[in-house]
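Below is one structure, written out as C-alpha cells; comments come after it.
Here, each number is a calculation from the coordinates, and none is a lab measurement. Quick caveat: nothing in here was measured; it's all calculated off a predicted structure. Cβ coordinates were reconstructed from backbone atoms using ideal geometry, including for glycine residues, and neighbour counts include every protein chain displayed.
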Amino acid sequence: MNELFIGLGILAWKPWLGSLLLPPVPLLLLVLVGVWLLVGRRQPSRPTGPTLLRGPSQRRRVLGWACLLAGLIGLWLAATTALGATLVRVLTDPPPPLSAAQRAGLRGAPHTAILVLGAGRQLQAPEYGTADLRPLTLQRLRYGLWLARQTGLPVGYSGGLGHGASAGPTEADVAGGIAERDFGLRLRWLEDQSRDTDENARFSLRLLHADGVQTVVLVTHDFHQRRALAAFARASQRDGVTMAVLPAPLGGRAASALGLADWLPSADGFALTRNALHEWLGRLAGA
C-alpha cells in the first residue's frame, strides 16, 4: 500500500487518511447515520398488524437505533484503558523491554549503535521560543540516551519532516540540540530525510552500515516496535545489507488485573486505542 501511495504521488494524503480511518471519526459517522435514520424523512408504511418489522419505517428505526447505540458504545470503549491496552497487546504484539542482563551484555559491544526513531516535533514551543519534540518523541530520546549511559554505546536519531508537517527544523535537528543542551550527550548520527517508519529504516540502515555498524539497538515505543522491525527487515532485504536489530521498546504497561477505572473513558485510554489501530493499519500498508 505504501508503494502504491508513492507511485501515485499522494504520500502527503496519509495523515488525512489516518484521521478518517481512526477513532473517533468512524464512530461519529455511525452515530450520525443512526440519528439520520431515526429523525430523517421516513417512508410511510401501511398498517399491517402488530408484526414488529413489517414496514420500512419500522426497519429503519431498528437500524437507526442499532447504529446509534453501536456508535455511542464504541466511542465509550475506544476511550477506555481496558480496550486500548488489549488492542496494543493483540494487534501490535509488543516485544518485552530490555532486561538488566541484556543491557549489561551491550556494554562496549563492538560495531553496535543505539538508534532512536522519531515521532514528530512541535514547530514552536512558546515556553522555549523554539521548536521542540512531541511528548512521545522526547520519551524515546530520553530512553535512548539513558541506554547510552548504561552501555557506553553511541546514539543516532532518525526523523525528518513527517508527511504534512510544516517547514522548519527537522526532528533530527531538534533532537540533536535537546540531547546536548538538556542531557549533555551528543548524537553521533542524525538522519533527517525520513518521513515515516519505512523511510526511517531505509535511510538509517544505509547511514549506519556505511559507518561500520552491524547491530542496531532500536528504540521506539512498544506498540511501534513490530512495524519498525518489519520496516528494517524490508530495508535490509532491499539493499542487501545484513544488520542485526535488537528491539528496545519503552512505554509498556505492567500486567495487572483490570479495575473499574480502566473501563472509564480517559485521554490515556483513547491514545492507546488510536496508537494500536494506527500501528496495525501501518503494518498492513507497509508504511
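What the table shows:
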{"quantity": "Most to least packed among 66-75, 117-126, 20-29 [average Cβ atoms within 10 Å]", "calculated": "117-126, 66-75, 20-29"}
{"quantity": "Cα-based helix-to-principal-axis angle, 25-39 vs the chain, degrees rounded to 10", "calculated": "10"}
{"quantity": "Approximate spin-label separation Val90-Trp36, in nm, with each point projected 7 Å along Cα-to-Cβ", "calculated": "2.9"}
{"quantity": "Lys, Arg +1 and Asp, Glu -1 on Cβ, resulting dipole of the chain about Cα centre, debye, nearest 20", "calculated": "1220"}
{"quantity": "Gain in span if fully extended, Ala70 to Leu260, counting 0.36 nm per residue against the direct Cα distance", "calculated": "66.3 nm"}
{"quantity": "Gain upon complete extension [Trp16, Gln214; 0.36 nm per residue less C-alpha separation]", "calculated": "67.6 nm"}
{"quantity": "Simple spin-label estimate for Arg206 and Ala233 in nanometres, 7 Å along Cα-Cβ", "calculated": "2.3"}
{"quantity": "In degrees, nearest ten, helix 225-239 long axis to first principal axis of the chain (Cα)", "calculated": "60"}
{"quantity": "Rel. contact order, % - alpha carbon contacts under 8 angstrom, at least six apart, the chain", "calculated": "25"}
{"quantity": "Using alpha-carbon coordinates, inclination of helix 135-151 to the longest axis of the chain, degrees", "calculated": "30"}
{"quantity": "Residues whose placed amide H lies under 5 Å from that of His221, excluding near-sequence neighbours", "calculated": "Leu250"}
{"quantity": "Given [x] 23.4, 83; [y] 22.2, 69; [z] 19.6, 72, the label whose value is Rg and Dmax of the Cα atoms in Å derived from this model", "calculated": "[x]"}
{"quantity": "Spin-label model distance (nm) - Tyr128 vs Arg107, 7 Å beyond Cα toward Cβ", "calculated": "3.2"}
{"quantity": "Ellipsoid equivalent to the range 112-167 - semi-axes via the Cα gyration tensor, in Å", "calculated": "24, 13, 8"}
{"quantity": "Size of charge dipole - the range 57-199 - debye, nearest 20, with Cβ of Lys, Arg +1 and Asp, Glu -1, no other charges", "calculated": "620"}
{"quantity": "Computed Rg/Rh of the range 203-287, alpha carbon atoms with Kirkwood Rh", "calculated": "1.10"}
